[in-house]
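The values are calculated or read from the model by the stated rules, or taken from the named source; none is laboratory data. If you're wondering where the values come from, they're calculated on a predicted model, not measured in any experiment. Here the Cβ positions follow ideal geometry from the backbone for every residue, glycine too, while neighbour counts run over all protein chains shown.
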Amino acid sequence: MNRNGKQTVKTGQDDDALIRRFLDGDTGAFDLLVIRYQNMIFNLCYRITSDYDDAGDCAQETFIKVYNNLKKFRFQSSFSTWLYRIAVNTCRNRISSSESRAKKRTVRIDSPAEAGSDPFEIQDCTFNPAEVFEKREEVRMIHRAIETLPEILRVLVVLRDLEGKAYEEISEITGVNLGTVKSRLARARHLLRESLREVL
């Protein structure tokens with residue numbers, strides 16, 4: 001736990017050790033990896049798909065793919081980066097499939113797996129319901145604007161602006177070269193500003 005009371009995720013050598021244990025036949029080590037990353041991956045999938053059920057399906061599919069392909073992991077990048085790459089590709093495939101069927105997605109504002117992020121949580125005696133409502137409405141509009149972005153731009157905005165990933169890691173996760181990541185993010189932010197200009 002960090003000083004704000006939120007759970008932190010240990011990576012690096014811890015992940016590598018668990019992977020090696022799994023490759024040596026300890027299937028329980030994989031369960032520990034799932035526990036470590038399941039909320040993070042669900043939230044990522046939710047932010048990309050904007051649909052609770054799709055996010056759950058994509059997260060589950062991601063871990064199935066990881067389980068079946070972990071023997072191919074070469075320890076050349078961090079496990080979390082490799083995991084994010086699989087999750088992002090899974091979400092992109094789901095979006096493409098959904099859009100081809102003209103499926104309507106339901107937008108939820110909260111990310112259920114994120115503890116301690118409830119904007120209605122009373123922090124102190126200055127709590128003002130009207131201000132909180134306005135903030136939630138702004139969040140709703142921002143999420144809707146992100147959802148309207150083309151798929152790859154949406155993914156880049158999620159990874160950079162919501163997940164806080166470095167440009168270099170985004171390039172590794174998406175397979176898009178660094179310069180293109182930056183230029184596409186600039187375009188995505190311009191589109192978001194235009195979309196939100198009249199409502200915020």
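Tabulated data
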| item | result |
| --- | --- |
| Looking only at the range 152-190, and only at residues there that are among the polar types (S, T, N, Q) and in a helix (DSSP H, G or I), the one that is nearest to Leu83 (Cα to Cα) | Thr174 |
| Of all residues in the range 53-103 being in contact with a Ser or Thr (Cβ under 9 Å, 6 or more places away or on another chain) and not in a helix (DSSP H, G or I), the one that is modelled with the highest pLDDT | Ser78 |
| The range 173-188 residues that are closer than 20 Å to Cys45 by Cβ, paired with ones that are modelled with pLDDT of 95 or more and part of a loop (DSSP other than H, G, I, E, B) (beta carbon under 8 Å, 6 or more apart) | Ile173/Lys165 |
